[in-house]
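The values are calculated or read from the model by the stated rules, or taken from the named source; none is laboratory data. Values in this document were obtained by computation on a predicted structure and should not be read as measured data. All Cβ positions, glycine included, derive from the backbone under ideal geometry; neighbour counts span all protein chains shown. The protein model used for the area step is the full one, side chains on, heavy atoms only, and it has no ligands, DNA or RNA in it. Shrake-Rupley method; radii C 1.70, N 1.55, O 1.52, S 1.80 Å.
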Amino acid sequence: MKRAEILEAARVCVCGERERDYGTPENNFETIGLLWGVYLRAAHPELAKVMAVNHITAKDVAAMMGLLKVARIATGSSPDSFVDLAGYAACAGEIATKEDPDV
């Protein structure tokens, strides 16, 4: 795929049906962050002593989902992983600029 095709496919994903199906990335990622925090506290209580596992932000989730895609790319890439990585980066960037307009 050409870079323009990857970016366009990511745009279609993050600006189209997924938002209708799952809600805004900010809301969906915030819910994921809450669930991850509960899971991490239950599965690894020692983490709560050294980090704020009960406050995984929407931006954190978007960044970590990007890392998931990087891991998949490292172990056998599919064009979809690059599209998804671009989409997660776009969502993280939008969330970051809403939180801090100077970013």
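General observations
- All told, Leu34 meets the bar of being in a helix (DSSP H, G or I), within 18 Å of the chain's Cα centre (by Cα) and more than 29 Å from Lys2 (Cβ to Cβ).
- Within segment 71-97, tally of residues that are part of a helix (DSSP H, G or I), open to solvent by 70 Å² or more (accessible area, probe 1.4 Å) and not aromatic (Phe, Trp, Tyr): 5
- Matching residues, segment 37-58, being closer than 25 Å to Leu85 by Cβ and open to solvent by less than 80 Å² (accessible area, probe 1.4 Å): Gly37, Leu40, Val53, Ile56, Thr57, Ala58
- Those residues of segment 27-37 which are without any contact (Cβ under 8 Å) to a residue 12 or more places away in the chain and hydrophobic (A, V, I, L, M, F, W, C), in sequence order: Leu35
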